[in-house]
1. Give me the pairs, please: first residue somewhere in region 6-20 and aromatic (Phe, Trp, Tyr), second residue anywhere and part of a helix (DSSP H, G or I) and surrounded by 14 or more Cβ atoms within 10 Å (Cβ to Cβ), beta-carbon distance under 8 Å, and either six or more positions apart or on two chains.
2. So which residues in region 97-123 are open to solvent by less than 50 Å² (accessible area, probe 1.4 Å), polar (S, T, N, Q), over 18 Å from Ile17 (Cβ atoms) and assigned to a helix (DSSP H, G or I)?
3. Enumerate the pairs (first residue in region 44-58 and at positive phi; second residue anywhere and open to solvent by 30 Å² or more (accessible area, probe 1.4 Å)) with beta-carbon separation below 9 Å, excluding pairs fewer than 6 apart on the same chain, so at least 6 apart or on different chains.
4. Looking at this structure, is Thr126 part of a helix (DSSP H, G or I), free of Cβ contacts under 8 Å to residues at least 40 places away in the same chain and over 18 Å from Ile54 (Cβ atoms)?
5. Kindly indicate which of Leu94, Leu89, Leu6 is open to solvent by less than 10 Å² (accessible area, probe 1.4 Å) and either at pLDDT below 95 or in contact with an Asp or Glu (Cβ under 7 Å, 6 or more places away or on another chain) (or both).
Amino acid sequence: MSLEDLYQEKILELSRISRNVDQLKNYKHLSTSNNPVCGDTITLTLDYDKDFKITHYGHDVNGCVLCEASAGLLSKFIIGKSLNDIKKLNQNVLQWLKSETNISNIDDLDTFTPVKNFKNRHKCVTLSFDAVAKASNSL
């Protein structure tokens, strides 16, 4: 498998989705994660209701296509999830990347299957999930 396999059309589509998400002006929580190896950074903002269900999500991504695509994927399903639901997302995604299985409970995560063969790119995929896990763990 080559690096070109990482940048399939679905990854590029998720990356484009990410570029259309803006930071929230009014939010209850801000969280930042970075990858010191490559310099990728994501800052996300969350708003949630009294039951701790996410009502609004925004982000700013300064990173590679994989980092953007991961944030785009997150933006597709995070609204309506409770903070308890998302507490372990980063760990689950990382376990999925390290496993032999292609089964996950997150729609479109299988788009990142080629990344499994490139351990040095795992952090690119988990960075947005790391930021949301930090946010949920700090509440």
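The values are calculated or read from the model by the stated rules, or taken from the named source; none is laboratory data. None of the values given here were measured: they were computed from a predicted structure. FYI the Cβ positions are ideal-geometry reconstructions off the backbone, even for glycines, and counts take in every protein chain you see. Ligands, DNA and RNA are excluded from the accessible area calculation, which covers all protein heavy atoms including side chains. Shrake-Rupley method; radii C 1.70, N 1.55, O 1.52, S 1.80 Å.
1. Pairs that qualify, where the first residue is aromatic (Phe, Trp, Tyr) and the partner is part of a helix (DSSP H, G or I) and surrounded by 14 or more Cβ atoms within 10 Å (Cβ to Cβ), are Tyr7/Val65.
2. Residue satisfying the conditions is Thr113 alone.
3. Listed by first residue and then by second, the contacts come to Phe52/Asn84; Phe52/Leu139.
4. When the stated conditions are applied, Thr126 does not pass them.
5. Leu6
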